[in-house]
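Inspection log for the structure reproduced underneath, given as structure tokens.
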Amino acid sequence: MNGRRFIKLVALAALFSAAMFGSTVNIALGSNPFPANNAGPFTATINGLSTTIICDDEIHTVYANESWQATVTPLSTLIALGNSGINAGSVVEFKGLPNATTLYEEAAWLAYQFATHPIGTADVLGIQNAIWDLFLQHAGTGSVSDPTSSAYWMAQANTNYGSLTASQIAGLRVLTPVSGSQIPFSDGMPQEFFNTTPEPASYVLFGTGLILLSIGTFRRRRNQNK
């Protein structure tokens, strides 16, 4: 690898970091983004990278092959603002609800439950409905002892959201549609979603490893050419 190519690689790594930590992102849905029953993580691309997104908004609707721009708000930012500051200090869709920060933390805890309750299990719909019911200010349906019900998962979230680890908090962001920036939608605007990502330290380690690997390759090839 010559010096010019190495510089280009470093520049690409910088652009990658900027795309992941920018204030807005571009979201696009494919031709089949929804799993069974439209519950659980959906597939999408964010700034061209394939990922999963979790809907927290049952008020609006998105469809296959639609795209839009969204503002990124880390969960850590909402926690820092607190219930008294979220309304004036953020753009998230449900900031006007009582105890809005707590609701986002509870929904975040629920979002992480999908990892151990994959699509197709009976309680996935209960988890998804619980996320929606939190922001709809519903009490939840079904029995609090039934893990397929939203009432059960809302109670679990209320009890356990404080157990979110620092890594989980750092790895979750809220994607709120930018009003007026997207193609017309049938109900006015797209939905808000959660997206779980590796914690920021992971990107630092990834970038550092990439640069060190590139330096090592450059040195080996330079020595071979002597």
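Here are a few things to note about the model shown:
- Stokes-Einstein translational diffusion, the stretch 27-176 - Kirkwood Rh over all Cα pairs, 0.692 mPa s, 37 °C, in µm²/s: 208 µm²/s
- Across all Cα atoms of the stretch 22-105, the radius of gyration (one decimal) and Dmax (whole number) stand at 14.1, 41 Å.
- Distance from the alpha carbon centroid of the stretch 143-167 to that of the stretch 46-60 works out to 22 angstrom.
- Qualifying chymotrypsin sites (Phe, Trp or Tyr not before Pro) in the stretch 49-119, where qualification requires a DSSP coil assignment and no more than 11 other C-beta atoms within 10 Å, comprise Tyr63.
Each value in this text was obtained by applying a stated rule to the coordinates, not by laboratory testing. Note that the coordinates shown come from a computational prediction; the quantities given were computed from them, not determined experimentally. Backbone-built Cβ (ideal geometry, glycine too); neighbour counts: all protein chains shown.
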